[in-house]
Amino acid sequence: MTARLRKSDLIPIGEMARRTGLAVSAIRFYEDKGLIEPVRSGGNQRRFLRSDIRRVSFIRIAQQLGLTLQEIQAEFAKLPYGRTPTARDWEAISKSIRSVLDKRIAELERTRDALDGCIGCGCLSLKKCAIYNADDHLRSKGPGPRTILRG
């Protein structure tokens, strides 16, 4: 970080936890994963940029949407460090993850629509499964519920 930070730009880990609604251990976990990076005080205490509150909030939202920590980290690599991300920065990330979310939504819709009749082949009904999976032909496609998980 090249710019000189003011004391008011930084908050201690306890304040970060309080502001984000997370436990201190969760903040440390995100730090260990490289998602946030504290500044060390003269006494070697963790201090976080105020903009890290937004980063941690994004992590929570992204995880709830099903993004992996690796996917989140890839998006964070696009953000500026040392300044609060702007609306334009967040808009770029939103566009970037939209296709991931659209894919997950389609998968959820397929699962919802197929769940009543078949778990694709998981198998809920051996009698009915003769229609969807005669002679267990789906086993050649791999393990698990093949008609729903198309990956």
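Each value in this text was obtained by applying a stated rule to the coordinates, not by laboratory testing. Bear in mind that the values here come from a model prediction, so they are computed numbers and not experimental data.
General observations
- Nearby aspartates and glutamates by direct alpha-carbon distance to Lys103 (threshold 15 angstrom, same-chain neighbours under 8 apart not counted): Glu71
- Between Val39 and Arg47, Phe48, Leu49, the built amide H atoms are under 5 Å apart, and every one of these is 5 or more places off in sequence or on another chain.
- Cα gyration tensor category, rounded, prolate or oblate, for the range 8-115 with a/c compared to 1.5: prolate
- Those aspartates and glutamates that a straight Cα-Cα span of less than 20 Å connects to Lys141, excepting residues fewer than 8 apart in one chain: Glu107
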